[in-house]
Amino acid sequence: MRTISHHAALIYVMVVVSAADGRMSDKELAAIGQITRSLPVFRDFDRDRLIATASDCAAILQEEDGLAAVLGLVAEALPEHLRETAYWLALEVALSDRVALEEVRVIETLRRALGIDRLTAAALERGARARHQIA
């Protein structure tokens with residue numbers, strides 16, 4: 001099995017959620033770009049690799065059992081301390097646009113693949129929802 005960097009793993013998480021409903025909206029793509037430009041975890045990421053990394057993920061998703069393959073790569077690449085970050089990134093991308101049922105299913109599958117307990121997931125979900133509230 002090939003391995004990926006922790007940066008690629010985080011990007012794969014965002015791409016998987018964005019692509020879950022069969023399309024990647026402009027809002028979701030903008031959120032991914034903003035996240036990779038602004039979060040400290042991406043400080044040493046070569047941003048010129050963003051499109052190539054997202055394309056690599058998309059190619060794997062097209063294969064048979066692609067989602068399982070991507071989630072396996074992600075789980076293998078992410079150290080324990082970045083797993084909650086990955087889950088939060090998935091939520092941020094989903095909430096950047098209309099949340100589709102398929103995205104909810106992928107996020108739940110991701111939660112299990114990363115070993116995030118339900119209480120922690122609920123806290124991250126509540127924080128992400130609060131961040132996206134409008135008046």
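Nothing in this text is a laboratory measurement; each read-out follows from the coordinates by a stated rule. This structure is a prediction, so every number in the text was calculated from the model and none was measured. Because the Cβ atoms are built from the backbone with ideal geometry, glycine has one as well, and the counts that use them run over all protein chains shown.
Numerical summary
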read-out	value
CD proxy at 222 nm, helix term only [per DSSP H run n ≥ 4: -39500 (n - 2.57); per residue of the chain; nearest 500]	-21500 deg cm²/dmol
Most fluctuating residue given options Leu39, Leu91, Leu50, as computed from a GNM of the chain linking Cα atoms under 10 Å	Leu39
Cα→Cβ-extended label distance, 7 Å offset, between Gln34 and Leu101, nm	2.9 nm
The range 5-21 residues near the modelled Arg43 label - backbone nitrogen below 16 Å, point 7 Å along Cα→Cβ	7
Cβ-placed point charges (K, R +1; D, E -1), dipole of the chain about Cα centre in debye, nearest 20	440 debye
FRET efficiency, Ala122 to Ser55 (Cβ-Cβ, R0 22 Å, nearest 0.05)	0.10
Quotient of C-alpha Rg and 2.2 N^0.38 Å, computed over the chain	0.96
Candidates Ile11, Ile32, Ile116, ranked by Gaussian network fluctuation over the chain, Cα under 10 Å, top entry	Ile116
In order through the range 6-12: 3J(HN,Hα) via Karplus (6.51 cos²θ - 1.76 cosθ + 1.60), integer Hz, x for Gly, Pro	5, 4, 4, 4, 5, 5, 4
In Hz, Karplus ³J(HN,Hα) per residue of the range 23-35 (6.51, -1.76, 1.60; θ = phi - 60°; x = Gly, Pro)	8, 10, 6, 4, 5, 5, 4, 5, 4, 4, x, 5, 4
Among Pro40, His6, Leu29 - extreme Cα towards positive end, dipole of the range 6-131, charges at beta-carbon	Pro40
Karplus 3J(HN,Hα) series, Hz, for the range 111-128 with 6.51 cos²θ - 1.76 cosθ + 1.60 (x for Gly, Pro)	4, 5, 4, 8, x, 8, 6, 4, 5, 4, 4, 4, 5, 5, 5, 5, x, 5
